[in-house]
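**Student:** Can you keep this structure in mind? I'll have questions shortly.
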Amino acid sequence: MANITCKNIVKSYGAHPVIEGLNLEISDREFVVFLGPSGCGKSTMLRMIAGLEEVSAGHIAIGGTDVTDLPPGERGVAMVFQSYALYPHMTVADNITFGLRRQGNSRAEIAPRLKQVADLLGLTPFLERRPKNLSGGQQQRVAMARAMIKTPKVFLFDEPLSNLDAKLREKLRTEIRKIHMQLKTTTIFVTHDQLEAMTIADRIVLMRDGQIEQMGTPDEIFERPRSRFVADFIGTPAMNFVRAEIRAGDELCASGGGLTLTLSPHSFPDLVAGQKVELGLRPARMELCGQNSHNAIHGTVVLVENMGAEGQVITNVAGAEVSFVTKDFRSLSPGDPVTFSIAPDHIHVFDPETGRSLRKD
Amino acid sequence: MTRKRFVTLTLIPAIGLLATLALVSIAGAIWFSVMNRTLRSADYEFVGLHNFLRLLRDRRFFNALENSIIWEAITVIGTLTLAVLLAVLIFETVKKPLWRNLICFAFLVPVLLPRVAAAFIWRFLYSPSLGVINYLCGLVGIGPVEFLANPSLALISVAVVDIWQWGLFFTVILLKLLETLPREPIEAAKLDSARTWEIHAYVTLPMLKGPLISLTLVKAVESLRSFDLIFVMTGGGPGTATETLDLYAYQMGINMGGRISYASAMSVLLLIVTTMAFVIIWKAGKKWTN
């Protein structure tokens with residue numbers, strides 16, 4: 001069992017607090033991603049779990065053992081750094097086995113384990129090379145092998161793919177996920193790339209200013225964002241936000257910014273007429289439609305961005321920009337009038353003051 | 001004018017001057033070494049390799065050679081060892097930048113002292129009757145110790161002064177080098193359960209191999225020029241216990257006999273031996289870094 005418990009974690013540099021009273025429970029075998037913008041405290045949190053940063057207050061337990069005051073080497077964790085952090089003067093084999101040798105294992109014990117991880121990560125041809133003679137992707141594999149050979153209780157990844165090109169990043173992302181399915185080691189993965197987080201995580205911990213903004217599965221985070229911040233951070237192209245007011249009438253509807261949209265009364269039972277709200281419309285949830293369709297939005301095409309299979313259409317709706325994604329973008333060109341719609345279920349409503357979601361289901 | 005020509009033209013005067021000064025003195029030394037000139041008389045004649053052959057039978061020369069080698073070894077190894085140990089100790093224990101800078105400043109003072117001044121300070125410190133070191137020795141029931149008058153202690157006692165001056169200076173350089181190292185490999189080593197000394201022995205110091213070799217070479221060259229320190233502190237004594245080659249050459253050529261041809265032969269031999277030694281060390285060092 002290697003569940004991780006963080007209780008009331010506080011981290012401050014001098015008088016400046018970076019993390020204030022953070023509580024987190026990660027269960028055994030879970031793949032958790034810490035996601036958030038730069039400076040939100042996600043890397044600091046990871047480094048505190050690793051033991052590389054001291055905790056100002058609070059407790060961290062790994063597998064039921066309080067590790068708050070243990071040195072990094074005794075916590076049973078292995079970490080992969082963004083810069084790979086390989087030992088430049090050692091061969092790949094020596095890099096991978098350094099930890100085991102420090103723990104006093106004999107060469108005979110180490111050799112079969114080295115062979116196993118080298119085979120798994122395709123590093124066998126490079127074992128005698130120095131890190132500087134390897135490509136970025138190969139170096140990152142060595143860093144992963146160095147973490148894996150120790151058979152740790154917890155894997156920690158600190159933005160491990162940020163220094164790689166897009167294609168390689170995708171490949172290694174899949175590899176990391178596959179390895180996790182095979183080894184089932186509890187894993188924490190830090191990234192600022194929301195797509196990476198969505199594709200790889202069992203559960204996402206979205207952080208902002210040293211606090212957890214929302215915790216949940218990628219689907220929950222995407223479909224039920226608890227705040228405007230989460231809704232804005234997740235999803236490409238980014239969500240459209242429109243200021244509106246709730247209208248009185250037979251149907252629950254909101255109008256503002258040149259559009260009138262029907263909302264689901266089941267999802268938003270507490271809305272009252274005259275209430276000021278902010279509507280969140282995901283470009284991917286909108287589609288071209290006929291003039292008189294339900295929830296139709298009328299606008300003029302400003303720009304069409306070709307993304308291959310689909311295109312993002314940026315339109316002008318009563319002076320504000322609203323974008324949507326469609327497969328039929330090729331028939332549109334700037335200046336064309338266009339009508340598109342969104343289903344009531346997919347409309348998000350936020351309190352304009354607090355940014356909290358007003359959804360109740 | 002092309003860039004290359006400009007560079008060549010502007011470099012020629014300085015390099016020409018330096019080359020002339022070096023070559024004229026070397027040529028002069030070689031010329032003297034095959035004569036039998038002394039300062040006492042004006043006449044001289046060509047004697048071939050006579051001076052060199054005499055050197056090979058001169059016990060005092062071999063004593064000086066031995067002293068030079070011991071001096072070189074003690075000061076180079078001592079300086080580097082002290083610098084590595086102190087730099088790692090400060091790196092691990094002093095974390096506040098202000099304290100580190102104060103320590104670095106204090107450590108720079110000895111090397112800024114003129115050699116002769118440093119030599120005099122330590123002569124007083126070592127003094128059997130007045131010196132503070134002997135006072136401290138007395139407190140624990142040792143001594144008085146004749147640091148500079150005891151033949152088996154004198155060379156080491158002088159070497160301590162050299163190590164004090166250069167070891168502390170190199171500590172500052174090494175500490176700054178340690179600070180420039182990336183943090184991640186050190187953290188990775190911590191996660192790999194390496195103890196503090198293991199992190200430095202297996203990670204940080206090997207990462208500084210190149211600069212460490214350069215520092216060793218610089219110190220080796222510097223240690224060859226220790227005439228002033230030894231001359232002021234012991235004058236080569238007691239007897240010939242601290243007489244290195246440059247001191248012996250000075251004694252022969254200027255101070256005692258005025259036998260400048262003999263002293264020149266010694267210098268030429270010293271030049272050949274050190275050039276050969278350094279070429280070998282340089283090549284070996286380069287091979288090792290690669």
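**Student:** Restrict the check to segment B:22-45 and report whether at least one residue is of a type in the set (Phe, Trp, Tyr), modelled with pLDDT of 90 or more, out of contact with any Asp or Glu (no Cβ under 7 Å at 6 or more places or on another chain) and under 30 Å from B:Leu247 (Cα atoms).
**Tutor:** No.
**Student:** Has segment B:216-232 got any residue that is within 30 Å of B:Pro185 (Cα to Cα), within 16 Å of the chain's Cα centre (by Cα) and of a type in the set (Gly, Ala, Ser)?
**Tutor:** No, segment B:216-232 contains no residue that is within 30 Å of B:Pro185 (Cα to Cα), within 16 Å of the chain's Cα centre (by Cα) and of a type in the set (Gly, Ala, Ser).
**Student:** Right, here's the next one. Looking only at strands (runs of 3 or more DSSP E) that fall completely inside segment A:249-361, which ones have 1 or more residues that are in contact (Cβ under 8 Å) with a residue 40 or more places away in the chain and among the polar types (S, T, N, Q)?
**Tutor:** A:259-262, A:311-317, A:320-326, A:337-342
**Student:** How about segment A:75-85: which of its residues are among the small types (Gly, Ala, Ser) and facing chain B (nearest Cβ under 7 Å)?
**Tutor:** Those that are among the small types (Gly, Ala, Ser) and facing chain B (nearest Cβ under 7 Å): A:Ala78, A:Ser83, A:Ala85.
**Student:** Same structure again: Does any residue of segment B:217-227 turn out to be of a type in the set (A, V, I, L, M), buried (at least 20 other Cβ atoms within 10 Å of the Cβ) and assigned to a helix (DSSP H, G or I)?
**Tutor:** No, every residue in segment B:217-227 fails to be of a type in the set (A, V, I, L, M), buried (at least 20 other Cβ atoms within 10 Å of the Cβ) and assigned to a helix (DSSP H, G or I).
**Student:** Right, another one. B:Ser127: within 14 Å of chain A (Cβ to nearest Cβ) and polar (S, T, N, Q), yes or no?
**Tutor:** Judged against the criteria, B:Ser127 is not a match.
**Student:** Is there any pair with a first residue in segment B:238-252 that is farther than 12 Å from B:Ser68 by Cα and a second that is part of a loop (DSSP other than H, G, I, E, B) whose Cβ atoms are under 6 Å apart and which are 6 or more apart or on different chains, and what are they?
**Tutor:** If the second residue must be part of a loop (DSSP other than H, G, I, E, B), the pairs left are B:Pro238/B:Ala149; B:Met252/B:Arg259.
**Student:** While we're on this one: Looking at B:Phe61, B:Phe91, can you tell me which residue is at pLDDT below 90, more than 18 Å from B:Ser214 (Cα to Cα) and hydrophobic (A, V, I, L, M, F, W, C)?
**Tutor:** B:Phe61
**Student:** Moving on to the next point. Return the total of residues in segment A:1-46 being closer than 17 Å to A:Gly64 by Cα, touching an Asp or Glu at 6+ places or on another chain (Cβ under 7 Å) and among the polar types (S, T, N, Q).
**Tutor:** Total satisfying the criteria: 2.
Here's the yes/no breakdown for (1) outside any loop (DSSP other than H, G, I, E, B); (2) within 14 Å of another protein chain (Cβ to nearest Cβ); (3) in contact with a helix residue (DSSP H, G or I) (Cβ under 8 Å, 6 or more places away or on another chain); (4) hydroxyl-bearing (Ser, Thr, Tyr):
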position: A:Asn23; (1), (2), (3), (4): yes, no, no, no
position: A:Cys40; (1), (2), (3), (4): no, no, no, no
position: A:Ile60; (1), (2), (3), (4): yes, no, yes, no
position: A:Leu70; (1), (2), (3), (4): no, yes, no, no
position: A:Gly73; (1), (2), (3), (4): yes, yes, yes, no
position: A:Tyr87; (1), (2), (3), (4): no, yes, yes, yes
position: A:Ala93; (1), (2), (3), (4): yes, no, yes, no
position: A:Ala108; (1), (2), (3), (4): yes, no, no, no
position: A:Gln116; (1), (2), (3), (4): yes, no, no, no
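**Student:** Go through A:Leu156, A:Leu161, A:Leu168 for me and flag whichever is surrounded by fewer than 21 Cβ atoms within 10 Å (Cβ to Cβ) and of a type outside the set (Lys, Arg).
**Tutor:** Exactly one of A:Leu156, A:Leu161, A:Leu168 is surrounded by fewer than 21 Cβ atoms within 10 Å (Cβ to Cβ) and of a type outside the set (Lys, Arg), namely A:Leu168.
**Student:** Among the candidates A:Gly104, A:Gly122, A:Gly64, which residue alone is at positive phi, touching a residue at least 40 places away in the same chain (Cβ under 8 Å) and either more than 8 Å from every other protein chain (Cβ to nearest Cβ) or acidic (Asp, Glu) (or both)?
**Tutor:** A:Gly64
**Student:** In this structure, is B:Leu271 surrounded by fewer than 18 Cβ atoms within 10 Å (Cβ to Cβ), touching a residue at least 40 places away in the same chain (Cβ under 8 Å) and not small (Gly, Ala, Ser)?
**Tutor:** Taking the combined requirement at face value, the residue satisfies it.
**Student:** OK, next. So which helices (runs of 4 or more DSSP H) are wholly in segment B:105-208 and hold at least 1 residues that are more than 19 Å from A:Tyr87 (Cβ to Cβ), more than 26 Å from the chain's Cα centre (by Cα) and of a type in the set (S, T, N, Q)?
**Tutor:** The helices (runs of 4 or more DSSP H) meeting that bar are B:132-139.
**Student:** Turning to a different aspect of this structure: Going through segment A:2-17 one residue at a time, which ones are on the phi < 0 side of the Ramachandran plot, surrounded by fewer than 19 Cβ atoms within 10 Å (Cβ to Cβ) and touching a residue at least 24 places away in the same chain (Cβ under 8 Å)?
**Tutor:** Across segment A:2-17, the qualifying residues are A:Asn3, A:Thr5, A:Lys7, A:Val10, A:Ser12, A:Pro17.
**Student:** A further question on this structure: Just one of A:Ser267, A:Ser293, A:Ser357 is under 21 Å from A:Arg226 (Cα atoms), at pLDDT below 90 and small (Gly, Ala, Ser); which is it?
**Tutor:** Going through A:Ser267, A:Ser293, A:Ser357 in turn, the sole match is A:Ser267.
**Student:** So, one more: Can you pull out the residues in segment B:153-200 that are over 20 Å from B:Ser214 (Cβ atoms) and away from chain A (no Cβ under 14 Å)?
**Tutor:** B:Leu153, B:Ala154, B:Leu155, B:Ile156, B:Ser157, B:Val158, B:Ala159, B:Val160, B:Val161, B:Trp164
**Student:** Would you pick out the residues in segment A:18-50 that are at pLDDT 90 or above, surrounded by fewer than 18 Cβ atoms within 10 Å (Cβ to Cβ) and among the charged types (D, E, K, R)?
**Tutor:** A:Glu25, A:Asp28, A:Arg29
**Student:** Is there a residue in segment A:122-132 that is in a loop (DSSP other than H, G, I, E, B), over 22 Å from B:Lys209 (Cβ atoms) and either of a type in the set (Ser, Thr, Tyr) or not assigned by TED's automatic domain parsing to the domain that holds A:Leu52 (or both)?
**Tutor:** No, the conditions are met nowhere in segment A:122-132.
The values are calculated or read from the model by the stated rules, or taken from the named source; none is laboratory data. Because the structure is predicted, anything quoted here is derived from the model rather than measured. FYI the Cβ positions are ideal-geometry reconstructions off the backbone, even for glycines, and counts take in every protein chain you see.
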